[in-house]
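**Student:** Starting off with a structure, shown below.
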């Protein structure tokens with residue numbers, strides 16, 4: 001009986017010690033897990049739950065993960081990895097204005113440029129020549145510099161527009177103040193035979209043979225007080241070294257067609273241009289051309305003067 005009781009007491013004692021051991025172990029694990037105050041994601045034992053080992057990183061604000069991608073794994077729009085969005089390259093330099101006329105050019109556009117520059121006192125000399133030479137380059141440079149433009153001497157779109165804004169369309173005689181004006185349409189009376197065909201409208205004399213224009217020269221006429229006669233005449237006398245006794249002035253290469261009126265070379269016309277007039281004669285200012293014409297014209301050849 002004693003033995004049995006002792007066995008029972010030892011058994012109970014062993015069970016009590018085991019229970020105490022279990023409680024001690026449990027209390028020790030819980031204490032190590034305490035990481036802060038209770039609540040806000042803590043378990044019932046007062047500690048926070050550790051994150052699961054297999055969970056994905058929490059998305060950053062705006063729905064993006066820490067690597068800069070959206071939750072579906074794609075790069076956000078506008079990033080370098082976004083396809084179809086070109087990157088911006090270096091900015092381009094402003095385009096230079098197109099050059100319209102430059103040194104060496106010839107023609108009516110050059111003549112128009114020179115006439116407009118002449119209107120505002122930038123182009124001197126007897127008048128437009130139709131040739132873009134050194135004097136035109138100098139005039140354009142001065143015009144550009146005065147207005148704060150790049151002074152290249154070339155006429156570009158900006159220079160031309162500024163000039164248009166400051167000038168008017170040149171008239172015929174402005175364009176051909178220095179000569180070389182185109183001949184007018186010939187009068188019907190000039191289309192047959194050998195004719196000195198003289199137009200007051202274009203201020204030209206065209207030497208015509210059987211309807212063909214052989215040469216053209218610039219001419220000027222008399223004033224309103226001593227007008228050059230109009231109509232159909234003929235050359236009745238030629239005088240290579242003629243000198244006017246009435247006006248005491250030389251009239252070389254004179255070809256008389258009506259009284260004292262003749263076609264002849266005029267040094268005054270060559271020097272002064274259209275700022276002067278004749279006393280009724282048809283003045284020619286190109287001595288070489290009038291010399292060649294004088295050699296071809298015969299007495300009896302027709303002279304037609306018209307508007």
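The values are calculated or read from the model by the stated rules, or taken from the named source; none is laboratory data. Just so you know, these numbers come straight off a predicted model, no measurement behind them. Don't worry about glycine lacking a Cβ; one is built from the backbone with ideal geometry, like all the others, and counts go over all protein chains shown.
**Student:** Here is a list: 269, 256. Which entry is within 16 Å of residue 200 (Cα to Cα), in contact with a strand residue (DSSP E or B) (Cβ under 7 Å, 6 or more places away or on another chain) and not in a loop (DSSP other than H, G, I, E, B)?
**Tutor:** The match here is 269.
**Student:** Taking region 169-198 as the search range and keeping residues that are within 15 Å of residue 306 (Cβ to Cβ) and part of a strand (DSSP E or B), which one is farthest from the chain's Cα centre (by Cα)?
**Tutor:** Among them, the one singled out is 195.
**Student:** Hey, can you tell me all the residues within region 116-158 that are in a helix (DSSP H, G or I), surrounded by 19 or more Cβ atoms within 10 Å (Cβ to Cβ) and touching a strand residue (DSSP E or B) at 6+ places or on another chain (Cβ under 8 Å)?
**Tutor:** So in region 116-158, the residues in a helix (DSSP H, G or I) come out as 116-119, 134-146, 157-158.
Now restrict to residues that are surrounded by 19 or more Cβ atoms within 10 Å (Cβ to Cβ): 116-118, 136, 139-140, 143-144.
Result: 140, single match.
**Student:** Which of the residues that make up region 194-205 are surrounded by 13 or more Cβ atoms within 10 Å (Cβ to Cβ) and more than 17 Å from residue 265 (Cβ to Cβ)?
**Tutor:** Answer for region 194-205, where residues must be surrounded by 13 or more Cβ atoms within 10 Å (Cβ to Cβ) and more than 17 Å from residue 265 (Cβ to Cβ): 194, 195, 197, 199, 200, 202.
**Student:** Right, something else. Is region 230-247 home to any residue that is on the phi < 0 side of the Ramachandran plot, touching a residue at least 12 places away in the same chain (Cβ under 8 Å), crowded, with 21+ Cβ neighbours inside 10 Å and part of a strand (DSSP E or B)?
**Tutor:** Taking every residue of region 230-247 in turn, none turns out to be on the phi < 0 side of the Ramachandran plot, touching a residue at least 12 places away in the same chain (Cβ under 8 Å), crowded, with 21+ Cβ neighbours inside 10 Å and part of a strand (DSSP E or B).
**Student:** Same structure, new question: Out of 237, 207, report the one residue that is at pLDDT 95 or above, in contact with a helix residue (DSSP H, G or I) (Cβ under 8 Å, 6 or more places away or on another chain), in the same structural domain as residue 295 (by TED's automatic domain parsing) and closer than 16 Å to residue 300 by Cβ. Please lay out each step first, then the result.
**Tutor:** Numbers: 237 fails: in contact with a helix residue (DSSP H, G or I) (Cβ under 8 Å, 6 or more places away or on another chain).
Residue meeting the stated conditions: 207.
**Student:** Restrict the check to region 164-181 and report whether at least one residue is within 28 Å of residue 207 (Cα to Cα) and without any contact (Cβ under 8 Å) to a residue 12 or more places away in the chain.
**Tutor:** Yes, because at least one residue in region 164-181 is within 28 Å of residue 207 (Cα to Cα) and without any contact (Cβ under 8 Å) to a residue 12 or more places away in the chain.
**Student:** Identify, by number, the condition in (1) in contact with a helix residue (DSSP H, G or I) (Cβ under 9 Å, 6 or more places away or on another chain); (2) at pLDDT 95 or above that residue 249 doesn't meet.
**Tutor:** Here residue 249 meets the rest and fails (2).
**Student:** Can you tell me which residue in region 272-287 is farthest from the chain's Cα centre (by Cα), limited to those that are buried (at least 22 other Cβ atoms within 10 Å of the Cβ) and not in a strand (DSSP E or B)?
**Tutor:** In this case the residue turns out to be 281.
**Student:** Identify all residues within region 252-279 that are in contact with a helix residue (DSSP H, G or I) (Cβ under 6 Å, 6 or more places away or on another chain) and under 14 Å from residue 291 (Cβ atoms); write none if there are none.
**Tutor:** 253, 265
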